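Trainee: Provided herewith is a single structure, encoded as structure tokens, for subsequent inquiry.
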Amino acid sequence: MTNLINRDKSLIWHPYTQEKTAHPVRAITHGKGAYIYDEAGNAILDLISSWWCNVHGHANPEIANALHQQALTLEHVIFAGFTHEPAVTLCEMLKRHLHTDFAKFFFSDNGSTATEIAAKMAYQYFRNKGENRQLFLTFEGDYHGDTFGAMSFSAESGFHDHFRDLFFKVISVPFPETWHGDEGVAEREHTALVALADVLEKYGQNIAAMMIEPLVQGAVGMRVCRPEFLKKALEMVRSYGILVIFDEVMTGFYRTGTMFAYQQIGFTPDFICLSKALTGGFLPLALTITTQDIYDAFLSDQSGYAFCHGHTYYGNPLACAAAIKSLELLESDSCQQQIKAINSAHYAGIELLQQQVPQLEKPRVIGNISAFCHKSSAENTNDIKNTFLERGMLIRPLGSTIYLLPPYCITTDELLACYQKIATILTHK
Ligand SMILES: *Cc1c(COP(=O)(O)O)cnc(C)c1O
């Protein structure tokens with residue numbers, strides 16, 4: 001092991017890692033485009049966008065330059081009572097992509113806080129209006145982050161079982177996942193809607209909000225559902241006066257093909273949570289975006305009605321500058337073409353896998369995300385992860401699910417070559 005890896009091992013506790021059995025970490029010296037490079041000089045193609053946040057490639061020079069200029073101008077300032085150009089410009093730019101109902105932008109610095117803020121706002125919204133709604137709703141398998149509030153919404157994701165006794169009350173209803181060639185989806189959706197109707201009839205008046213991952217449940221294993229189902233389910237939910245929160249922390253910024261997943265559903269939620277790709281993968285930043293109606297419920301001559309929440313790095317100018325540049329790049333014709341090209345390459349790649357890999361199950365593609373299930377991954381995630389790495393691919397299976405979610409700068413040739421390598425690995429050729 002190299003010196004750096006030894007120094008790391010003596011000090012650092014890594015996230016989501018069983019430190020006793022994990023393979024040694026790799027020391028990364030630099031990144032460029034879709035690749036990261038380790039100490040030995042190996043190029044590793046980042047096929048999961050470094051936990052779903054990178055969009056324009058590593059060490060993107062345009063974002064780096066925007067950051068450099070901002071750092072020389074204003075690195076940070078308290079946001080209570082103050083404002084600055086990068087924060088306002090970023091929100092104005094985002095607003096152009098959003099339904100007109102979205103009027104107010106609340107900053108934080110990661111996905112878990114963005115969802116927790118939405119839940120707190122929804123809860124206090126009812127209190128401010130003199131109603132006391134105690135319950136929340138979500139789908140089985142949803143994941144909304146690792147802080148206590150966010151964990152309460154992720155009880156069935158399988159990540160947080162130790163803390164279950166400490167969660168507040170969130171009811172989960174079935175999520176009718178689907179895949180290519182799935183014939184049972186209509187029946188699964190029907191069952192899910194019946195279960196939802198039952199919960200709503202019993203508890204609807206006491207539910208403050210439903211939080212969902214629109215179209216794709218990421219962390220539980222890239223499980224996809226149909227937009228028509230969500231529209232039906234959410235219209236039922238809304239008829240009980242329940243607020244709807246879309247956690248677009250993973251799905252935002254064209255991951256599902258459109259700027260935001262909600263645009264494919266024909267349903268506008270009361271809250272949207274953004275993080276991950278917001279800064280192109282450069283810095284932590286998050287937004288909870290909501291409507292004028294929600295905002296107005298917090299206005300009062302009494303200070304107790306205010307939303308008493310705020311993080312130290314609220315609206316950090318450096319993160320905002322990176323986000324502005326990332327959005328500009330996203331809006332460019334070349335990036336838009338890339339987004340479409342990746343989707344086509346995923347379809348071709350999944351077809352190739354279906355032809356070559358016998359035990360492949362539940363193939364699915366949505367936007368820039370492709371996924372399938374394979375037993376080899378469920379049996380030994382650590383080893384298969386390591387095999388992919390040795391073949392120059394950063395892929396992190398989730399249980400039996402193997403998925404690709406690359407940065408938008410990847411070329412279709414690179415992506416298709418990966419599918420061929422994956423086929424070879426899974427068939428032990
Ligand atoms: C990653 C993720 C979160 C949590 O974001 P962090 O920045 O890791 O706290 C929340 N919701 C979804 C859908 C996510 O994918």
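Trainee: Might you let me know whether segment 268-284 holds any residue that is farther than 18 Å from residue 145 by Cα and either aliphatic (A, V, I, L, M) or away from the ligand (no atom under 15 Å from the Cβ) (or both)?
Mentor: Yes, that holds for at least one residue.
Trainee: Name the residues in segment 285-302 that are touching a residue at least 24 places away in the same chain (Cβ under 8 Å), away from the ligand (no atom under 16 Å from the Cβ) and under 24 Å from residue 239 (Cβ atoms), would you?
Mentor: Here is the first cut: in segment 285-302, the residues touching a residue at least 24 places away in the same chain (Cβ under 8 Å) are 285-292, 294-295, 297-298, 300.
Cutting the leftovers down to away from the ligand (no atom under 16 Å from the Cβ) gives us 290-292, 294-295, 297-298, 300.
If the condition is that a residue be touching a residue at least 24 places away in the same chain (Cβ under 8 Å), away from the ligand (no atom under 16 Å from the Cβ) and under 24 Å from residue 239 (Cβ atoms), then 290, 291, 292, 294, 295, 297 are the ones that fit.
Trainee: Same structure again: Would you check which residues across segment 51-99 are within 16 Å of the ligand (Cβ to nearest atom) and out of contact with any strand residue (DSSP E or B) (no Cβ under 8 Å at 6 or more places or on another chain) and list them? It would help to see each step written out before you state the result.
Mentor: Our first condition is that a residue be within 16 Å of the ligand (Cβ to nearest atom); within segment 51-99, this holds for 51-55.
Answer for segment 51-99, where residues must be within 16 Å of the ligand (Cβ to nearest atom) and out of contact with any strand residue (DSSP E or B) (no Cβ under 8 Å at 6 or more places or on another chain): 51, 52, 53, 55.
Trainee: Still on this structure, please answer the following. Looking at (1) without any contact (Cβ under 8 Å) to a residue 24 or more places away in the chain; (2) open to solvent by 60 Å² or more (accessible area, probe 1.4 Å); (3) in contact with a Pro (Cβ under 6 Å, 6 or more places away or on another chain), which one does residue 140 not meet, given that it meets all the others?
Mentor: (1)
Trainee: What number of residues in segment 8-23 are exposed (fewer than 11 other Cβ atoms within 10 Å of the Cβ) and in contact with a helix residue (DSSP H, G or I) (Cβ under 8 Å, 6 or more places away or on another chain)?
Mentor: Qualifying residue count for the region: 1.
Trainee: Return the pairs, sorted by first residue and then second, in which the second residue is charged (D, E, K, R) and assigned to a helix (DSSP H, G or I), the first residue lies in segment 56-75 and is touching a residue at least 12 places away in the same chain (Cβ under 8 Å), the beta carbons are less than 7 Å apart, and the residues are 6+ apart or on different chains.
Mentor: Close Cβ pairs satisfying both conditions: 62/325; 63/325; 66/325.
Trainee: What pairs can you find where one residue is in segment 231-257 and free of Cβ contacts under 8 Å to residues at least 24 places away in the same chain and on the phi < 0 side of the Ramachandran plot, the other is of a type in the set (Gly, Ala, Ser) and within 16 Å of the ligand (Cβ to nearest atom), and their Cβ atoms are less than 6 Å apart, with a gap of 6+ or different chains?
Mentor: none
Trainee: Of all the helices (runs of 4 or more DSSP H) wholly in segment 1-120, which have at least 3 residues that are within 23 Å of residue 408 (Cβ to Cβ)? Full working, then the answer.
Mentor: On the way: elements: 3-11, 49-52, 61-73, 85-95.
Passing ranges, in order: 49-52, 61-73, 85-95.
Condition check ((1) in contact with a strand residue (DSSP E or B) (Cβ under 6 Å, 6 or more places away or on another chain); (2) in a helix (DSSP H, G or I)) across all residues:
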position: 348; (1), (2): no, yes
position: 352; (1), (2): no, yes
position: 355; (1), (2): no, yes
position: 370; (1), (2): yes, no
position: 377; (1), (2): yes, yes
position: 384; (1), (2): no, yes
position: 387; (1), (2): no, yes
position: 425; (1), (2): no, yes
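Trainee: For segment 111-137, how many residues meet the condition of being surrounded by fewer than 20 Cβ atoms within 10 Å (Cβ to Cβ) and within 16 Å of the ligand (Cβ to nearest atom)?
Mentor: 1
The values are calculated or read from the model by the stated rules, or taken from the named source; none is laboratory data. Please read all numbers here as calculations on a predicted model, not as lab measurements. Here the Cβ is made from the backbone with ideal geometry for all residues, glycine too, and neighbour counts use every protein chain on show. For the accessible areas, the whole protein counts, side chains as well, though only heavy atoms, and no ligand, DNA or RNA atoms are used. Shrake-Rupley method; radii C 1.70, N 1.55, O 1.52, S 1.80 Å.
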